[in-house]
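Just below is one structure, and these are the notes that go with it.
The values are calculated or read from the model by the stated rules, or taken from the named source; none is laboratory data. Keep in mind the model is a prediction, meaning the values are calculated, not measured. So basically every Cβ, Gly included, is an ideal-geometry build from the backbone, and we count neighbours across all protein chains shown.
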Amino acid sequence: MSTLESQPTAHGGIDASLRNSRSTSAFRSGRDARRYWMILSICLGVGILATVGLIFYNNPVPVDSPSFMPVVKRRLVAVVAMFIAALCHSFATVTFQSVTGNRIITPSLLGYESLYSFIQTSIMFVFGANALVNFSGIGAFFIQVGLMITLSLILFGWLLSGKYGNLHLMLLIGIIIGTGLNSVSGFMRRMLAPSEFDLLQSRLIGSVTNADSEYFPFVIPLVLLTILCLYLMSNRLNVLSLGRDVATTFGVRYQANIIFILILVAVLMATTTSLLGPLTFFGFLVAMLSYQAAPTFDHRYIFPMAFAIGYGVLTTAYFLLYHVFGSQTVVGVIIELFGGLAFLIVILRKRSL
Amino acid sequence: MIKIQNARKWYAEEVKIGPLNIEIPKAGITSLIGPNGAGKSTTLLMIGRLLHMDEGQITVANMDVSTTKSNDLAKVLTILRQENHFVTRLTVRQLVGFGRFPYSKGRLTREDEKIISKYIDFFELTELEHRFLDELSGGQRQRAYVAMVLCQETEYVLLDEPLNNLDIARAVQMMEHLRRAAEEFGRTIVVVLHDINFAAKYSDRICAMKHGQIAAFGSVREIMKPELLSDIFETKIEIIEGPYGPIAIY
Amino acid sequence: MNVTPEVESISQPQFSEQNPEQQSNKKQKIWTIPFIIAVIIVIGLGIVSLFTGVYDIWNQEDGLDMFFITRIPRTVALMLTGAAMAMTGLITHLVTQNKMVEPTTIGTTEWAGLGLVFVYLLVPSPSLVTRMTGAILFSFVGTMIFFFFLRNVKLRSSLIVPIIGIMLGSVISAFSTFMTLYFRMSQSVENWFIGSFAPIQVGRYEYLWVIVIMTIIIFLYANRLTLAGLGEDVATTLGVNYNRLILLANALIAVAVGIVAAVVGNVPFLGLIVPNIVSMIRGDDLRTNLPWTCVMGMGTITFCDILARVVNMPFEMPVSTILGTLGAIVFILILLRQRKSRRLR
C-alpha cells in the first residue's frame, strides 16, 4: 500500500493498473461479505425449516384423511401472516431508523398501535361484543388502515413540512397523541365486563391467529409493492441516512423524500397492525440484529437481512411455543419481551445519540 | 462567481443577518473571519442553500440557490458543516464515494472509482481507506469529510470551520491541502476560519464580518491592517511583517 | 433533522445566578399579590371539591360522617397528590436539565406499576403498605436506570430524552402486561393504572402526608439539586456531592410516585404541564417557582377531579382519564407554541 503514497500530480497520477483494482463495495472486506451471505443463508434456512415444521409437524389428522388439507390450509394462513408481519416490521423499522438518524426509536412511536387499540376498544365499548366480532371484513380492515394513514399524513404534513419542520418534534407529538388515546382507551376498558375485557385483550396483542385470510388478496400486493418501492430507493436511503445537510448537499430533496418514505412506512405499519395487532418491539429487535449481522451502510443488503431475521425469529418462536411448549397465546408478548430487553441493552450501552 | 444581493435573515426582533452584498470571484481561497455571532456560518449556510433567507438573492455561477433544482446545484456547489455524525458504519472509501452521488446516484462506475481514489490519495488517506470512520482520529476523520466534498468535483466548495478540533500540525496540513486543491483543481473555496493568521497565510481574499454585516472585503493585504482588525474584533491587534506575509499579534 | 433552536432552548431551563441579597429579597417576594390570589383560588377550589359529590351530605343522617370519611380526605388527598406530582416533575427537570421529562415520560410510573404487579403476585391480598413498598422500590430502580442512561449518553437533541423515556416506559409496561397475562391476573391489576380518587377515605390515604415531608426536603435542597443538573463535573467543582444528590432526587421521586401509585394510581402529565406553564409565565427563577408549582399543581388536579365528578353525574370518571387527555392536548400545545415563537419578525 505504501507504493500508493507517492506525490500526486495534477491527475493524482499513480500507476493506472494499481488504481483500477481499488473499488468501493458495500462491505469493507471479503470476509465481511462472506459472513453476510452465510448468516443470510442460515436465517433463511431456519425460516424455511420452521415454516415446514409449522405446516406439517404434529398434524393431528392422518395424511389420507379428507380433513388433512384444511388443517394444512389453516396453518398456511398463519404462516402467510407471519411472512407479512416480518416484511412489514423489518422494512418499516430499518427505514424509519435510517431516516430519523436514530437507532433507538421505532415507527410504532407514531401512534398506530394506540389508534388501533382505541378503535378496537371503542367498538367494544360503544357497540358491544357482537359488534367487535363482526367488525371484520374488507371494509372494516380498510377503514382501520385508512384511519391510521390519515393520522400519519396529518402528522407528517403538518409537522414535517414548511419552514418549521422538525422530526423529533413530530415524533414526540405522535407519542403524546398515542398516550392521550391510551388514556381514553384505558378508561373505556375499565368499564367493560370481564368477559368483554378478555375478548378485547386477545386482540390487543399482536398474534397471527388474529389474521383473517380474507384480507390477503389485498394486503399482499399492497405490501409487496411498498417493499419494492423502498428497496428500489435504497441508494437514496443511503444518502438520506447521512442527515439533512449532507443529503441536500448531494442534491437530494430532503423534505419531499422523507415525507414520501414516511408515508410508505405508514402504509406498512398500518397494514400489519390492522392485520395482526400491535408488535411494538419486534421491529426494533429485528433491526438491531440486522445491523449486527450486516456490517454495512447499504440498504440493499440490510433490507434482505432484516427480513430473513424477522421471518426466522417469528416462525421459530411460533413453532417452539406451539409445538414444543404447548402454549398458544403468548407468542406476541414473548417477542415483545425480547425486543424490550434488546432495547434496554442497547440504551445502556449507547455512547452517543 | 458567488453573488449575494441584499440577503437578510431574521432570528428575533434584534438579531438579524444582513443586508449582505458581496461578489466573491472565481478561483482561489476566500476566508470568512469575524468575532463570534458575526453571522459567518449563517452566511455560508445561506450560500449553500442549507438555510433559507428571509429576503434577497444569492446566485452561484449564475444559478439562484433558492430556485435552482437541488441536484443541479449539487454539481456546482458543495458545503461541509462543522458537526457531522453518522449513524451507519462507513469506511473512508465509502464515505468519499458518496461525493459522486449527484452524478452516479449510488451506482459507481469505473471512472467514479478512479476519481474517488484520486481524492483519497490526495488527502493521504490511502492506507486508511477501508477503516470505519469511528476507528479514525479526529484529524483523519476531518480529512475524510473534506475529501468527500472535494470528490463531488464542484467548482465552489464551502467549508464551515474545517480546522476545529485539529491541532497545529493537522490544521496546517488541511490548509495546505486546500491551497493545493484550489490551485491544482481550480476550485473556488470559501472557508470560515477563526484564526486570522491561517486566513492570512493561505487565502487570496478575506471577508470580515461583524454584527451580521460584512465589515470589509478585499485582498489579504487590504484586510490585514491593525485599525481594521482591531475594530472588527474589538480588541487590540497589531500587524507585523512575517517571513510569509502579514501576521496578526493579539 | 436539525432541531429548531427555540424548541431546543425552551426544553432546557436557564438559571439566573442571584447574589445573596437578592435571594433574601426574593424570599419576601414569594408572597406577592398574584400568589395570594392563586392561593385563594386554590382554597376556593378545595372548598368546591369538599361539597361536590353524589352523596347528599346535608340531608342524610350520616351526612356529616361522610363528610369526614370521604370528602375531606379526598380533597386533602387531591392537594397532596397535586403538589407531589408537580414537584416531582420539577425535580426531574432540574436534575436532567430537560423540561420535557417527568415521571410519566421517563418510565417511572410504569416501573411503579410493575412493582405493584409483583406485589400482587408474591403476596396474597397485600396491604397498602406492602403495595407502597413494592411500588417505591421499583420506581427507584427504574428512575436510577434512566438517570444512568442519561449520564452515559451524549445527546444531540433534548427532545430525544422524553422519546427514549416513553419507549422505556412501554417496555416496562409490556413486561407488566406479560406478567398479568401469564399469571392470569387480568382486569383488576390493570385497573390500578387508572388513577382515581374515588376510593379515597379515612384510613386509606394518610400516607400521602409523607409528601409534606418531601416538600420540605425539596425546598431545602432546591438550589443544590439545580447544581446537580449542570452535570457531574460542574457540580463537583462547585462543592456539591453529585452522586448523593442524584440518589436523593431519585429517592424523592420514587417515594412520591410510589405512594401516589399505591394510594391513587397513575396521575399522568401533571409533572410536565404545571412546571412548564409556571416557567413559561414566570421564567426560570427556582426559588419563587417552587411555591407556584406546588399551588398550581394542587389547583390543577382539584379542578380536574371536580370535572371528573361532575361531567357524567352520577357516575365518576377517573381523574387520570381527564388528566391524560387534557394533559396530552396541553403538552402538544406547549410544544407547538415554542416551535413558532420568535421565528417571525
- What number of residues within the stretch B:224-250 are under 24 Å from the mean Cα position of the chain (by Cα) and assigned to a strand (DSSP E or B)? 3
- Note on the structure: Among residues of the stretch C:118-168 being of a type in the set (S, T, N, Q) and outside any helix (DSSP H, G or I), the residue nearest to the other protein chains (Cβ to nearest Cβ) is C:Ser157
- Residue among B:Ala216, B:Ala182 that is within 24 Å of B:Met46 (Cα to Cα) and assigned to a helix (DSSP H, G or I): B:Ala182
- Counting only helices (runs of 4 or more DSSP H) wholly inside the stretch A:97-196, the ones holding at least 1 residues that are among the basic types (Lys, Arg) and either surrounded by fewer than 21 Cβ atoms within 10 Å (Cβ to Cβ) or out of contact with any helix residue (DSSP H, G or I) (no Cβ under 7 Å at 6 or more places or on another chain) (or both) are A:167-190
- Message: Show the residue pairs meeting these rules: Cβ distance below 6 Å; 6+ apart or different chains; first residue within the stretch B:1-24 and modelled with pLDDT of 90 or more; second residue among the hydroxyl-bearing types (Ser, Thr, Tyr).
- Response: B:Lys3/B:Thr59; B:Ile24/B:Thr30
- Task: Might you let me know whether the stretch C:278-285 holds any residue that is surrounded by fewer than 21 Cβ atoms within 10 Å (Cβ to Cβ), assigned to a helix (DSSP H, G or I) and in contact with an Asp or Glu (Cβ under 6 Å, 6 or more places away or on another chain)?
- Result: no
- Task: Restricting attention to the stretch A:266-295, report how many residues are surrounded by 24 or more Cβ atoms within 10 Å (Cβ to Cβ) and either aromatic (Phe, Trp, Tyr) or within 30 Å of A:Met38 (Cβ to Cβ) (or both).
- Result: 12
- Right, A:Val94: β-branched (Val, Ile, Thr), at pLDDT below 85 and either farther than 25 Å from A:Ala308 by Cβ or within 14 Å of the chain's Cα centre (by Cα) (or both) or not? no
- Options C:Phe140, C:Phe147, C:Phe67: the member that is under 18 Å from C:Leu245 (Cβ atoms) and either in contact with a strand residue (DSSP E or B) (Cβ under 6 Å, 6 or more places away or on another chain) or at pLDDT below 85 (or both): C:Phe147
- Candidates A:Met288, A:Met305, filtered to the one that is within 14 Å of chain C (Cβ to nearest Cβ), at pLDDT 90 or above and in contact with a Phe, Trp or Tyr (Cβ under 9 Å, 6 or more places away or on another chain): A:Met288
- Filtered residues of the stretch A:77-92 (kept if in contact with a Leu (Cβ under 9 Å, 6 or more places away or on another chain) and of a type outside the set (Gly, Ala, Ser)): A:Val79, A:Met82, A:Phe83, A:Ile84, A:Leu87, A:Cys88, A:His89, A:Phe91
- Message: I need the full set of residues from the stretch B:1-18 which are more than 14 Å from every other protein chain (Cβ to nearest Cβ) and either touching a helix residue (DSSP H, G or I) at 6+ places or on another chain (Cβ under 9 Å) or part of a strand (DSSP E or B) (or both), in order please.
- Response: B:Ile2, B:Lys3, B:Ile4, B:Gln5, B:Asn6, B:Ala7
- Condition check for B:Ile189: buried (at least 17 other Cβ atoms within 10 Å of the Cβ) and assigned to a helix (DSSP H, G or I): no
- Pick out the one residue from C:Ala261, C:Ala222, C:Ala251, C:Ala235 that is farther than 30 Å from C:Arg309 by Cα, of a type in the set (A, V, I, L, M), crowded, with 21+ Cβ neighbours inside 10 Å and more than 10 Å from chain A (Cβ to nearest Cβ). C:Ala235
- Cross-chain or 6+ apart pairs with Cβ under 8 Å, the stretch A:282-300 first and of a type in the set (Asp, Glu), then buried (at least 24 other Cβ atoms within 10 Å of the Cβ) and at pLDDT 90 or above: A:Asp298/A:Asn238
- Which number in (1) at pLDDT below 85; (2) within 22 Å of A:Ile175 (Cα to Cα) marks the one condition that C:Leu270 misses? (1)
- Message: Just to be sure before I move on: is B:Ser41 touching a strand residue (DSSP E or B) at 6+ places or on another chain (Cβ under 9 Å), outside any loop (DSSP other than H, G, I, E, B) and within 13 Å of chain A (Cβ to nearest Cβ) in the structure I sent?
- Response: yes
- Query: With the stretch B:64-165 as the region, which helices (runs of 4 or more DSSP H) entirely inside it contain at least 3 residues that are surrounded by 21 or more Cβ atoms within 10 Å (Cβ to Cβ), of a type in the set (A, V, I, L, M) and more than 7 Å from chain A (Cβ to nearest Cβ)?
  - Reply: B:92-98, B:138-151
- Query: Does the stretch C:297-338 hold any residues that are surrounded by 19 or more Cβ atoms within 10 Å (Cβ to Cβ), over 20 Å from the mean Cα position of the chain (by Cα) and away from chain A (no Cβ under 14 Å), and which are they?
  - Reply: C:Arg309
- Message: Checking A:Val252 against (1) more than 9 Å from chain B (Cβ to nearest Cβ); (2) more than 21 Å from A:Leu87 (Cβ to Cβ), only one condition comes out false. Which one?
- Response: (1)
- Within the stretch B:115-132, can you find the residues that are under 29 Å from A:Leu232 (Cβ atoms) and out of contact with any helix residue (DSSP H, G or I) (no Cβ under 6 Å at 6 or more places or on another chain)? B:Ile115, B:His130, B:Phe132
- Message: Condition check: at pLDDT 85 or above, within 14 Å of chain A (Cβ to nearest Cβ) and surrounded by fewer than 23 Cβ atoms within 10 Å (Cβ to Cβ). Does C:Val189 satisfy that?
- Response: no
- Message: With the structure loaded, tell me whether C:Ala228 is modelled with pLDDT under 85 and farther than 27 Å from C:Pro291 by Cβ or whether it fails that test.
- Response: no
